[in-house]
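Everything on this sheet refers to the single structure shown next.
Computed from the coordinates by the stated procedures, all read-outs in this text should not be read as laboratory data. Predicted, not measured: the structure shown is a model, and the values here were computed from it. Cβ coordinates were reconstructed from backbone atoms using ideal geometry, including for glycine residues, and neighbour counts include every protein chain displayed.
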Amino acid sequence: MKCAFSADSSALVCWKFLRALKKIKKNKLHFPARLPLFVGSTFQNQDILVSCGSDTFIMATGADQAVGFGLLGFSLSLFTYYTIWVIVLPFVDSDHVIHSYFLPREYSVILPGVAALILLLFVGTFIGVVTWKNRKPKKVD
């Protein structure tokens, strides 16, 4: 993916997104983001605008970026913990002090299984609720 550096906002702008934005503008399709006239300025809700040529789009706000970095940090720490727990610990002596920081190995299978079941439950519930709300009433003859 080719990328260019936009000097006016110090942001990395990807050409793939810009081509999709041009297609949306060209076909006059509805684009959910607001495209204001002033480029490089900050508005009341602290949206940062980025432009590249004639295209303008809104970048993530500071709060969105903080949440994103928090989720990324949590995911990386969880991945590192689980990788050490499952891959490294079987090769370390069982009386080593590092074993005191980890749960027994049985949980390395049980916890992801429970998490997967909870995820499936939430996804199934969400699909069920959306389907229930979008159902059309039957026509009465």
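Sort 75, 100 so that the residue with the fewest other Cβ atoms within 10 Å of its own Cβ comes first and the one with the most comes last.
Working: 75 10, 100 6.
Ranking 75, 100 by Cβ neighbours within 10 Å, fewest first, gives 100, 75.
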Karplus-derived 3J(HN,Hα) from phi for region 94-105 (6.51 cos²θ - 1.76 cosθ + 1.60, θ = phi - 60°), whole Hz, x at Gly and Pro, runs 5, 8, 6, 5, 5, 5, 6, 8, 10, 6, x, 5
